[in-house]
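For reference, the structure discussed in these notes is given below.
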Amino acid sequence: MVEKNKLFTTHVAEVPEVRLEMKIIADFLAEKGYTLEKLKDLPAEEARLLRIEASKYASSRLAELEARAHFINIIHSATQSAIA
């Protein structure tokens, strides 16, 4: 049984979805020739626009992954129903 307070004290980076989102953002920035650390060296507006673009990209990739997982569950459920 998980303690109530433990749910609220979990560090955000420990949440698998957050780690995946950060990895997708890092990969996106790497493709553009940047790292999260290098964004600090850019002009504020350019860094802000790159962060927005990276965030939108990560959101779309996460939505795609969630949709795929959902469809796999549907297929798996249908297969299990057909077998039973």
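Where in segment 23-62 are there trypsin sites (Lys or Arg not before Pro) that are in a DSSP coil and have at most 12 other Cβ atoms within 10 angstrom of their Cβ? Loop-located and lightly packed - Lys32, Lys40. When only alpha carbons of segment 11-83 are considered, Rg and Dmax amount to 17.0, 60 Å. Neighbours of Leu65, meaning other residues whose beta-carbon lies under 12 angstrom from its beta-carbon, give a summed charge of -1 when Lys and Arg score +1 and Asp and Glu score -1. Here the 3J(HN,Hα) profile of segment 29-39, calculated from phi with Karplus coefficients 6.51, -1.76 and 1.60 at θ = phi - 60°, is 5, 4, 4, 8, x, 10, 10, 4, 5, 5, 4 Hz, Gly and Pro shown as x.
With each label modelled as a point 7 angstrom along the Cα→C-beta vector, the Ala47-Phe71 pair spans 3.9 nm. Straight distance only, please: which aspartates and glutamates reach the Cα of Lys56 with their own Cα at less than 12 Å, same-chain residues fewer than 8 apart left out? Candidates past the 8-residue exclusion: Glu21. Rounded to the nearest 20 Debye, what is the dipole magnitude of segment 11-83 about its Cα centre when Lys and Arg each give +1 and Asp and Glu each give -1 at the C-beta? I would put it at about 60 debye.
Bear in mind that the values in this text are calculations on the coordinates, not laboratory data. Everything quoted here is computed from the prediction, not taken from an experiment. Note that we place each Cβ from the backbone using ideal geometry, even for glycine, and neighbour counts take in every protein chain shown.
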